[in-house]
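Encoded as structure tokens, the structure appears first; notes follow it.
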Amino acid sequence: MKKVIFTMVLSFLVTGCAGIPSGINAVDNFETEKYLGTWYEIARLDHSFERGLTNVSATYTMRKDGGVDVLNKGFDTKNGKWKQIKGKAYFVKDKTIGRLKVTFFWPFYGGYNVINLDKENYSYAMVCGPTRSYLWILARQKSLDKQVIDNLLEAAKNLGFKTDKLIFVEQN
């Protein structure tokens, strides 16, 4: 009996954080090939794993097993050094839905949910984690048009994110 309970708890811990917040949907008609490449972090909600980082970027490349390799990097202003971490992501269900689970420390996965996207040019994206305390605005360039940012902020606010807590990331 203990083994069954342990297995159930471990299963929940491993997969439970790869969700999407209630009332939020990932984008459909997602095209992985267009999403691959480097994205620059325009804004984020604060978390200890990115605290103090500037010039943050994420680079996505295709894996042979159908997943996506992830390389996140940023400049640690306190230590004056670049930090990076490698991970991998896999689609939760259908590859045409922008919903993945990502791991940097196997076997623990977190949700990576593309909830807003420039579907024509793939020039910007808004991504959330498993809860509303994780939010990122990403762009292909190191800056993003103010009107696009304002539209994304309004959309995020309407979805229940604390947009007043966003950190706008220095990119130079």
Legend entry - Near pairs, Cβ below 7 angstrom, 6+ apart or cross-chain, from the stretch 34-52 (basic (Lys, Arg)) to any residue that is in a loop (DSSP other than H, G, I, E, B): Lys34/Tyr122; Arg44/Glu50; Arg44/Leu166; Arg44/Val169
Inset, instruction - Considering each residue of the stretch 47-83, count those that are more than 15 Å from the chain's Cα centre (by Cα) and part of a strand (DSSP E or B), and give that number. - result: 9
Inset, instruction - Residue by residue through the stretch 123-135, note down the ones that are surrounded by 19 or more Cβ atoms within 10 Å (Cβ to Cβ) and touching a Phe, Trp or Tyr at 6+ places or on another chain (Cβ under 8 Å). - result: Ala125, Met126, Val127, Cys128, Gly129, Leu135
Inset, instruction - Report yes if some residue within the stretch 22-34 is modelled with pLDDT of 95 or more and either part of a strand (DSSP E or B) or in contact with a helix residue (DSSP H, G or I) (Cβ under 7 Å, 6 or more places away or on another chain) (or both); otherwise report no. - result: no
Legend entry - Qualifying residue in the stretch 136-143 (condition: touching a Phe, Trp or Tyr at 6+ places or on another chain (Cβ under 8 Å), over 18 Å from Lys34 (Cα atoms) and either in a strand (DSSP E or B) or among the aliphatic types (A, V, I, L, M) (or both)): no
Legend entry - Exclusive hit being among the charged types (D, E, K, R), exposed (fewer than 15 other Cβ atoms within 10 Å of the Cβ), within 17 Å of Lys34 (Cα to Cα) and free of Cβ contacts under 8 Å to residues at least 12 places away in the same chain, set Glu154, Glu120: Glu120
Inset, instruction - Only one of these is surrounded by 14 or more Cβ atoms within 10 Å (Cβ to Cβ) and either at positive phi or touching a Gly at 6+ places or on another chain (Cβ under 6 Å) (or both): Val70, Val92. Name it. - result: Val70
Inset, instruction - Return yes when Lys101 is assigned to a strand (DSSP E or B) and either touching a Leu at 6+ places or on another chain (Cβ under 6 Å) or under 15 Å from His47 (Cβ atoms) (or both) and no when it is not. - result: no
Legend entry - Candidate set: the stretch 76-89, residues that are touching a Phe, Trp or Tyr at 6+ places or on another chain (Cβ under 9 Å) and within 14 Å of Ser57 (Cα to Cα); chosen: the one surrounded by the most Cβ atoms within 10 Å (Cβ to Cβ): Gly87
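The values are calculated or read from the model by the stated rules, or taken from the named source; none is laboratory data. No experiment lies behind these values; they were computed from the predicted model shown. Note: ideal-geometry Cβ built from the backbone for every residue, glycine included; neighbour counts use all protein chains shown.
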